[in-house]
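The values are calculated or read from the model by the stated rules, or taken from the named source; none is laboratory data. Values in this document were obtained by computation on a predicted structure and should not be read as measured data. We place every Cβ from the backbone using ideal geometry, glycine too, and count neighbours over all the protein chains shown.
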Amino acid sequence: MKLPSLLAIICLTLVAPFGAYAKKKGKRGQPPAATPIPLPGAANPAEALSPYILNLDQLLAFHRPPATATQPLFTQTSGLLLVLRQEFVVNLEKASAEQKNMYTAAINTADLISAALDDRNKAMGDLHSSQAVKGSGKLEEQARKDNIAQGIPGDRIGKAASVIMERDREMEANRKAAARSAADQKALGAMAVNEWGQRATGWRQRIGASYSQIR
């Protein structure tokens, strides 16, 4: 065997493991894909609604975990519930007398979950609108002069010093106004979250009571 060929084989032998390691490391560095939440069909209403009941706290939360962003149960909730409800209606028309109460309770539960989610979206919209209004413009701030030296007596040096002082006062006023605005928005957000928490508790109780009637 020629020497160049032997050197090429040795180089390939040494480099190959590093390439494989880099390939494995790249796959390992990627976040694992979220396992889809199973969504059973409407034949068994209790099973069909169980994913919504088990994940009700996260569905009604203002701040959902990042993993929910890829789950149809969270991203397509309204549409899924609408289809499921319609299937319950169809099954109710064909159901025997002893099964009619079960499908009626399932329809009522789907309606309550949809209403709770609509209420959540409205509460979040109201909060964002309030924060946008509260944080717009310069709060409690007087209009700034186009020419900050206007009306300041004295020569150029005196005016320059006065301009610096005036600008410093304005910057300090802006800083305080921004701090007040941030504090107000934080307090407003905390209040909205607390209020929604109380309403969400009421929704969970009503939904749970209706779901328990599916037998």
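Criterion applied to L139, L188, L80 was being of a type outside the set (D, E) and modelled with pLDDT of 65 or more, and the one residue passing it is L80.
Table: residues versus (1) farther than 21 Å from R206 by Cβ; (2) exposed (fewer than 12 other Cβ atoms within 10 Å of the Cβ).
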position	(1), (2)
I37	yes, no
A46	no, no
L49	no, no
T77	no, no
S96	yes, yes
S114	no, no
